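One structure is given below, encoded as structure tokens.
Coordinate-derived values only; no laboratory data. Since we're looking at a predicted model, the values are computed, not measured. FYI the Cβ positions are ideal-geometry reconstructions off the backbone, even for glycines, and counts take in every protein chain you see.
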Amino acid sequence: MKFLAKWVIVCLLATGYANGQTYEELIGQSYDHLDKGDLPAAEESLKAAMRLEPANPYNYALLTNLGTIQRRQGKTEEAILSYTTALSRQPDNELILENRASLYAETGEHEKALADYTSLLLLNPDNQDALYNRGLIHVRKKDFLSAEIDFDKILEVNEKSVHGRLGHAILEKMRGNYDESERIYNYLIGELPREWPLYESRADLYFLMGKNGRAMADINKLFVETPPNAALYILRGKVKLAQYERESAVKDFLTAKEMGYDPAIADELIRMAK
């Protein structure tokens with residue numbers, strides 16, 4: 001999620017487009033509000049600027065910023081509308097496509113995300129982030145061949161890419177090729193020992209392999225080195241449950257639920273543990 005408004009101000013001044021200070025001031029005010037953490041005020045400043053000059057050709061950038069501010073406030077539908085309106089003015093803008101695609105993926109709109117990432121890759125076939133994220137969607141859809149093509153392309157563009165290898169580790173795990181997935185995770189962690197998300201992914205793999213001692217070792221390291229998220233509590237609870245530590249597992253599931261994890265899943269795990 002990236003902002004464009006400061007760049008817009010520079011362009012306006014450089015091109016002499018600005019007829020008065022008010023439009024520019026409103027954009028500047030939005031950044032002042034952002035610096036203070038006042039997202040609603042920043043949102044209103046951008047809307048006011050666009051109301052003042054609705055035909056301004058740089059409004060696509062303000063719409064992009066607006067979408068990101070709305071996204072940060074949890075206003076998902078409004079953010080999608082802002083990104084979509086921005087794209088109607090700049091249909092080939094890679095930044096806007098990337099923002100909307102990631103938001104679609106975040107909200108579970110995987111087909112729409114897939115369409116946006118595909119459009120992005122038509123514009124820039126070597127975009128590694130888009131290849132990785134589209135590959136993950138293919139994995140989710142169990143379209144393993146398409147996922148493999150995307151991850152291979154990343155490594156073709158950048159043979160040292162962590163995302164390319166991580167994509168293959170996730171893919172092999174989903175295919176059930178656990179030994180190959182473990183080999184890749186071990187390599188990545190050996191090269192990047194402080195990339196903590198790798199440990200969580202490997203711990204999940206170890207859990208699937210029934211290597212609960214190794215899974216717990218990775219999880220314990222994460223609890224020491226990073227603030228644990230809800231998913232990590234769920235994973236630790238599953239490992240504890242597999243080790244017949246039912247009471248402790250329930251505590252982890254309850255903590256995850258309190259942190260915002262899907263209550264239906266958390267409740268089912270709690271039921272299983274009792």
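Select from region 217-227 the residues that are surrounded by 19 or more Cβ atoms within 10 Å (Cβ to Cβ) and free of Cβ contacts under 8 Å to residues at least 24 places away in the same chain and write down the one among them that is farthest from Glu180 (Cα to Cα).
The initial filter retains those residues of region 217-227 that are surrounded by 19 or more Cβ atoms within 10 Å (Cβ to Cβ), namely 218-219, 222.
Filter again for free of Cβ contacts under 8 Å to residues at least 24 places away in the same chain, leaving 218-219.
On the way: Asp218: 18, Ile219: 21 Å.
Across region 217-227, the extreme among qualifying residues is Ile219.
State yes or no: is Pro227 out of contact with any helix residue (DSSP H, G or I) (no Cβ under 6 Å at 6 or more places or on another chain) and in a loop (DSSP other than H, G, I, E, B)? Give the derivation first.
On the way: out of contact with any helix residue (DSSP H, G or I) (no Cβ under 6 Å at 6 or more places or on another chain): yes; in a loop (DSSP other than H, G, I, E, B): yes.
So Pro227 passes the test.
Just checking, how many residues over region 200-215 are outside any helix (DSSP H, G or I) and either at negative phi or of a type in the set (Asp, Glu) (or both)?
To start, the set of residues in region 200-215 that are outside any helix (DSSP H, G or I) comprises 210-211.
Right, trim to either at negative phi or of a type in the set (Asp, Glu) (or both) and you get 211.
Qualifying residue count for the region: 1.
Working only within region 150-166, note down all residues that are more than 14 Å from Leu198 (Cα to Cα), surrounded by fewer than 17 Cβ atoms within 10 Å (Cβ to Cβ) and aliphatic (A, V, I, L, M).
Val157
Counting only residues that are within 26 Å of Pro91 (Cα to Cα) and surrounded by 14 or more Cβ atoms within 10 Å (Cβ to Cβ), how many does region 125-148 have? Show your work before the answer.
From region 125-148, those within 26 Å of Pro91 (Cα to Cα) are 125-138, 146-147; that's our starting set.
Cutting the leftovers down to surrounded by 14 or more Cβ atoms within 10 Å (Cβ to Cβ) gives us 127-138, 146-147.
Total satisfying the criteria: 14.
Mind counting the residues in region 65-117 that are of a type in the set (Lys, Arg), under 23 Å from Lys47 (Cβ atoms) and surrounded by 16 or more Cβ atoms within 10 Å (Cβ to Cβ)?
Summing the residues that are of a type in the set (Lys, Arg), under 23 Å from Lys47 (Cβ atoms) and surrounded by 16 or more Cβ atoms within 10 Å (Cβ to Cβ) in region 65-117 gives 3.
Being under 23 Å from the mean Cα position of the chain (by Cα) and at negative phi narrows it down to one residue among Ala249, Ala273, Ala256; which is it?
Values: Ala249 fails: under 23 Å from the mean Cα position of the chain (by Cα); Ala273 fails: under 23 Å from the mean Cα position of the chain (by Cα).
From the options Ala249, Ala273, Ala256, the qualifying one is Ala256.
Those residues that are within 21 Å of the chain's Cα centre (by Cα) and more than 20 Å from Ala217 (Cα to Cα), I need them from region 173-203; list them, please.
Met174
Residues being in a helix (DSSP H, G or I), out of contact with any Asp or Glu (no Cβ under 6 Å at 6 or more places or on another chain) and either under 21 Å from Asn93 (Cβ atoms) or not hydrophobic (A, V, I, L, M, F, W, C) (or both): count how many of those fall in region 43-69. Write out each step before concluding.
Applying the first criterion (in a helix (DSSP H, G or I)) to region 43-69 yields 43-52, 59-69.
Of the ones still in play, those that are also out of contact with any Asp or Glu (no Cβ under 6 Å at 6 or more places or on another chain) are 43-52, 59-68.
Still in the list and also either under 21 Å from Asn93 (Cβ atoms) or not hydrophobic (A, V, I, L, M, F, W, C) (or both): 43-47, 49-51, 59-68.
The number of residues fulfilling the criteria is 18.
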